[in-house]
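Trainee: Okay, handing you the structure first.
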Amino acid sequence: MEKSQRILSREGLGLGEGLPLQVSSGGIEDLRRDIQRLMDMEAIRLSKHVYFRALDCANWAELETVLHPDLHVHYIGGGYEFKLDGAQAFIAAMTQAFHKRAAASHHAVHPEIRMISDTEATGVWYLRDHFWHLDHKHCTQGAALYWDRYEKVEGRWVIRETRYERVYQFDESVEGLPEPSAHYLARAGGEPPG
């Protein structure tokens, strides 16, 4: 894997400024457009929140509702690079990771949503995550910057492209790892691969 030389800034991520965030000087119709833009930004935030919750809870049907069928994914981590195309391929890959012997927690904060048009937007999110592989007694934790492209399809905002690059990542083996006293994926996740 080639190490990224990208600067993790809006410009380095290839994201523009988007439409201006200011109140229109026109009449009621302009005000309605302004309010719709704010509602769209909230809908985008909700879509990304559903994305993380659905991953952590192995809720594949709900995850599919926030993904564009032609989704593009590209993740760069401490020792991996993951790329694929298509919502169905992404969900299939995630079922292999979020299973009964895994535990995960993803927290995305500081959304920077930029409207490009009435049907296109971009977003940058700061991720903090933990992922436990219970059978392997291994934990990955760290932070990453996600940057997404969203599209409004039939009145609904979906993730068209999602990427992240790690800001930092720690991988650790944990001997004597206790079994969790609460473990949602144990009942909601599928069987581990292999």
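The values are calculated or read from the model by the stated rules, or taken from the named source; none is laboratory data. Keep in mind it's a predicted model, so treat the numbers as computed, not measured. Every residue, glycine among them, receives a Cβ derived from its backbone with ideal geometry; neighbour counts consider all protein chains shown.
Trainee: What pairs come up if the first residue lies in region 5-34 and is within 17 Å of Glu161 (Cα to Cα), the second is of a type in the set (Lys, Arg) and outside any loop (DSSP other than H, G, I, E, B), and their beta carbons are under 6 Å apart, counting only those six or more places apart or on different chains?
Mentor: Gly18/Arg114
Trainee: Just the residues that are over 15 Å from Val50 (Cα atoms) and either out of contact with any Lys or Arg (no Cβ under 6 Å at 6 or more places or on another chain) or not hydrophobic (A, V, I, L, M, F, W, C) (or both), please, taken from region 104-120. Talk me through it step by step, then tell me what you get.
Mentor: Pass one, region 104-120, residues over 15 Å from Val50 (Cα atoms): 110, 112-120.
Selection gives His110, Glu112, Ile113, Arg114, Ile116, Ser117, Asp118, Thr119, Glu120.
Trainee: Then there's this: Which of (1) under 18 Å from Tyr51 (Cβ atoms); (2) touching a Cys at 6+ places or on another chain (Cβ under 9 Å) does Trp132 not meet, given it meets every other one?
Mentor: (1)
Trainee: Inside region 65-99, can you point out the residues that are in a loop (DSSP other than H, G, I, E, B) and surrounded by 17 or more Cβ atoms within 10 Å (Cβ to Cβ)? Don't jump to the end; show me each part of the working.
Mentor: Taking region 65-99 first, the residues in a loop (DSSP other than H, G, I, E, B) are 65-66, 77-80, 86, 98.
Across region 65-99, the qualifying residues are Val66, Phe98.
Trainee: Could you identify the single residue in Thr162, Thr95 that is among the β-branched types (Val, Ile, Thr), touching an Asp or Glu at 6+ places or on another chain (Cβ under 8 Å) and in contact (Cβ under 8 Å) with a residue 24 or more places away in the chain? Explain how you work it out, then say what you get.
Mentor: On the way: Thr95 fails: touching an Asp or Glu at 6+ places or on another chain (Cβ under 8 Å).
Criteria check complete, one pass: Thr162.
Trainee: Only one of these is more than 22 Å from Leu63 (Cα to Cα), β-branched (Val, Ile, Thr) and out of contact with any helix residue (DSSP H, G or I) (no Cβ under 9 Å at 6 or more places or on another chain): Val153, Val167, Val124, Val109. Name it.
Mentor: Among Val153, Val167, Val124, Val109, only Val167 is more than 22 Å from Leu63 (Cα to Cα), β-branched (Val, Ile, Thr) and out of contact with any helix residue (DSSP H, G or I) (no Cβ under 9 Å at 6 or more places or on another chain).
Trainee: Now for a different question. Within region 65-75, is even one residue of a type in the set (Phe, Trp, Tyr) and at pLDDT below 95?
Mentor: No, region 65-75 contains no residue that is of a type in the set (Phe, Trp, Tyr) and at pLDDT below 95.
Trainee: Across region 65-119, which residue is farthest from the chain's Cα centre (by Cα) among those that are over 19 Å from Cys139 (Cα atoms) and hydroxyl-bearing (Ser, Thr, Tyr)?
Mentor: Restricting to residues being over 19 Å from Cys139 (Cα atoms) and hydroxyl-bearing (Ser, Thr, Tyr), the top hit is Ser117.
Trainee: What's the total number of residues in region 50-64 that are touching a residue at least 40 places away in the same chain (Cβ under 8 Å) and either not hydrophobic (A, V, I, L, M, F, W, C) or not in a helix (DSSP H, G or I) (or both)? Steps first, please.
Mentor: Filtering region 50-64 down to residues touching a residue at least 40 places away in the same chain (Cβ under 8 Å) leaves 51-52, 55-59.
With either not hydrophobic (A, V, I, L, M, F, W, C) or not in a helix (DSSP H, G or I) (or both) added as a condition, the list becomes 51, 56-59.
Here the count works out to 5.
Trainee: Restricting to region 136-185, what's the tally of residues that are surrounded by 13 or more Cβ atoms within 10 Å (Cβ to Cβ), outside any loop (DSSP other than H, G, I, E, B) and charged (D, E, K, R)? Steps first, answer last, please.
Mentor: The first filter runs over region 136-185 and keeps only residues surrounded by 13 or more Cβ atoms within 10 Å (Cβ to Cβ), leaving 136-152, 157-167, 169, 171, 174, 177, 183-185.
This time we only want the ones that are outside any loop (DSSP other than H, G, I, E, B), so: 138-152, 157-167, 169, 171, 184-185.
After this cut, where a residue has to be charged (D, E, K, R) as well, the list is 148-149, 151-152, 160-161, 163, 165-166, 171.
Final tally of qualifying residues: 10.
Trainee: Considering only residues of region 120-129 that are more than 14 Å from Ile159 (Cα to Cα) and not hydroxyl-bearing (Ser, Thr, Tyr), which is nearest to the chain's Cα centre (by Cα)?
Mentor: Keep residues of region 120-129 that are more than 14 Å from Ile159 (Cα to Cα), which gives 126-129.
Subsequent filtering for residues that are not hydroxyl-bearing (Ser, Thr, Tyr) retains 127-129.
Numbers: Leu127: 8, Arg128: 11, Asp129: 11 Å.
My answer is Leu127.
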